[in-house]
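Input: a single structure, listed below in structure tokens.
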Amino acid sequence: MARKTAFDPAEKLEQAMTLFWQKGFEATSIQDLVDALGINRFSLYNSFGDKHTLFQLALDHYIDKVSRQRLTPLLCERGGLAAIHGWLDALALRLTQPGNLGCFLQNAQIGTAMDEPRVHECIAAMHQELQQALTHALRVAIRDGELAGNTDVEALARFLFVHVQGCILLGKGGGNGDTLRADIATLKRQLTLWQGGQLTA
């Protein structure tokens, strides 16, 4: 009879995700994981596989429990610009919190973890989901008369995505909180200046 696991695998996966988020794939050793999760190496390998496998599980967990959850307001059928503004405000709050770790996905893009095809595919797919969610909210804004009907929503969604990635990187690097909040406020203002695929002012 197989021995029953003496710990909650979901809890340990959450802990592993946090450690990878803090230190990155390369800098996290098996011993770091053993210490952080409070389990021995046998239990670690038996429950989660090797470090690459555990990192992929942690990445999947982050996407499911963090990234996709943050997209929910953008996918509302009555969200529009208010949903995007709220999403940007929440981002600004996270970026200016003490100990901000940045984005797990963005952190994972720097280093050898991206050499794994599935890691690369998962991150690219999640970025596409974000742009699709922004596009949806922008289409709702057009439907509700908040944006001009000729607005190129795909181009505007890409514009927001790229600038948000820059804000996340600056926030992780210890960027000035007032500057980051001002940058986010500028993005919110530019939403209503985008006409026919370009800024009008």
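The values are calculated or read from the model by the stated rules, or taken from the named source; none is laboratory data. Quick caveat: nothing in here was measured; it's all calculated off a predicted structure. Heads up, the Cβs are rebuilt from the backbone with ideal geometry, glycines too, and the neighbour counts pull from every protein chain shown. Ligands, DNA and RNA are excluded from the accessible area calculation, which covers all protein heavy atoms including side chains. Shrake-Rupley method; radii C 1.70, N 1.55, O 1.52, S 1.80 Å.
Tabulated results
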| quantity | calculated |
| --- | --- |
| Residue satisfying all of: in region 17-32; among the aliphatic types (A, V, I, L, M) and more than 17 Å from the chain's Cα centre (by Cα); modelled with the lowest pLDDT among these | Ala27 |
| Meets criteria (modelled with pLDDT under 95, in contact with an Asp or Glu (Cβ under 7 Å, 6 or more places away or on another chain) and either open to solvent by less than 20 Å² (accessible area, probe 1.4 Å) or under 30 Å from Gly177 (Cα atoms) (or both)) for Gly111 | yes |
| Matching entry among Asp35, Asp60 (being farther than 30 Å from Thr179 by Cβ, at pLDDT 95 or above and surrounded by 12 or more Cβ atoms within 10 Å (Cβ to Cβ)) | Asp60 |
| Any hit, region 154-166, residues being surrounded by 15 or more Cβ atoms within 10 Å (Cβ to Cβ), more than 14 Å from Leu74 (Cα to Cα) and among the aromatic types (Phe, Trp, Tyr) | yes |
| Residue that is under 19 Å from Ala157 (Cβ atoms) and assigned to a helix (DSSP H, G or I), where the choices are Ser43, Ser67, Ser47 | Ser67 |
| Verdict on Leu147 being more than 19 Å from Phe20 (Cα to Cα), touching a residue at least 60 places away in the same chain (Cβ under 8 Å) and assigned to a helix (DSSP H, G or I) | no |
| Lone qualifier among Ala92, Ala58, Ala27, Ala36 - being without any contact (Cβ under 8 Å) to a residue 24 or more places away in the chain and part of a helix (DSSP H, G or I) | Ala36 |
